[in-house]
Every structure is written in C-alpha cells, then in structure tokens.
Amino acid sequence: MSILGFIKKLALPDPTAHLKKEHDRFRTLLEQAKKTTERSAVKRKKIFLEFSTLLALHETVEEKVLYAALESHAETKSIVLEGVQEHHLADLLAAELKNMDVTDPDWGSKFHVMGEGVEHHLKEEEKKMFPQVREILSEKELLKVTKKMDAMRNASAIPRRSLSVPRTIKANKRKSAKKGDAKKVARKTMKSAK
C-alpha cells in the first residue's frame, strides 16, 4: 500500500476501531478471570462487573448502530444475524453467572465457556465483518455510523440490557405466561373432572 493510501485509510472514519479496542479489553478481562479461583471472590466480582457492563454496552451499540447499518446488505446479513444470536448466548450465560456465587466451583467453568463463545465472536467480527464494513459502507455512511456509536457510548442514559433477564427471555416469558394460564386452567379442569 502506498503512503498516500495508508494516510487516506487512517483519515477515514472507522466505526470498527473503537469496537476493536473493546474487543481487546474483553480479552484482557477473560485472561484475568482465568487466573482466579474460588478464593479470589472480590477479584472475580470486579472482573465480572466490568465484563458484563462492557458486554451490555458493546452489544447495544453494535446491534443498534453497526448491525442496523449492515443488515440490509446481502453480504453481511448472515453474519449480522449470527452475531445477534452470539450476543444472546453471551447474555444468557452472563445472567446465570450474575445469579451465581463467584465462589461456586461451577462459576469459573461457566465463565470460561462464556469467554470461549465471546472470543469466537470477536475473532469472527474482526476477520469477516470488520473488513466488510469498510468495503460496503461509503465514507459518508462510515462517518454517520461512527458518530452514532460515539454518541450512544457517551450518552448518560445508555440503553443497556438487563443481565438478569435477557431480552428474548422477557418476550418468551410474556408468551408463556399466556400459555401457562391456559395450561393451569386445563389442569384444574381435568382435576375437577376426575
């Protein structure tokens, strides 16, 4: 690449640059967590709090801005859909971890499994999605996405997902509550018929 091309590339607004920095922070936190044991409860809590907070913000910004800009493009539609599902799995495990005692022997292995899924997701975005972002989006679109992402990160009231009940579970609970009521009525009816 020529020097001019390199300088031009640096001058382009790149919404993936900040995401990559967040990815690097996730990796650091995952490494720190691997080194903990049940006896390092305070350290585990601190690591998990930072990890889960960053995860919620990162996913929200990514889905509401970057994924939204990419989902209409055939080249990135499948990786966007897969990314949303990978976020969902991370949310489920994070919710379980939040409700567990960090001294529980299963906590470390569950965090490790979540970390493996997150690491897979990070690698896939960096190797497949990020290069496509720079190819698909125009300079104007890149700038718009970057500004939206920065504004969302800097907003005082960032819409964050609840890690206690991930978004798809909330919807499923509402649906199953209606079905559950019908099942309860059916059970009572069957019991009273006997």
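The values are calculated or read from the model by the stated rules, or taken from the named source; none is laboratory data. Treat the numbers as computed from the prediction; the structure is a model and nothing was measured. Positions of Cβ are backbone-derived with ideal geometry, glycine not excepted, and every protein chain shown enters the neighbour counts. Only protein heavy atoms, including side chains, enter the accessible area calculation; ligands, DNA and RNA are left aside. Shrake-Rupley method; radii C 1.70, N 1.55, O 1.52, S 1.80 Å.
Here are a few things to note about the model shown:
- Near pairs, Cβ below 6 angstrom, 6+ apart or cross-chain, from region 93-105 (farther than 17 Å from THR53 by Cα) to any residue that is in a helix (DSSP H, G or I) and open to solvent by less than 40 Å² (accessible area, probe 1.4 Å): THR103/ALA41
- Residue in region 122-137 that is farther than 22 Å from SER72 by Cβ, part of a helix (DSSP H, G or I) and open to solvent by less than 10 Å² (accessible area, probe 1.4 Å) present: yes
- Residues in region 138-150 that are exposed (fewer than 14 other Cβ atoms within 10 Å of the Cβ) and part of a helix (DSSP H, G or I) were compared, and the one that is nearest to the chain's Cα centre (by Cα) is LYS147.
- Within region 38-79, if we keep just the residues that are assigned to a helix (DSSP H, G or I), of a type in the set (Asp, Glu) and open to solvent by 20 Å² or more (accessible area, probe 1.4 Å), the residue that is farthest from THR16 (Cα to Cα) turns out to be GLU50.
- Of all residues making up region 22-37, the number that are open to solvent by 80 Å² or more (accessible area, probe 1.4 Å) and either under 14 Å from VAL102 (Cα atoms) or at pLDDT below 90 (or both): 2
- Residues that are closer than 16 Å to GLY108 by Cα and out of contact with any Lys or Arg (no Cβ under 7 Å at 6 or more places or on another chain), drawn from region 51-85: PHE51
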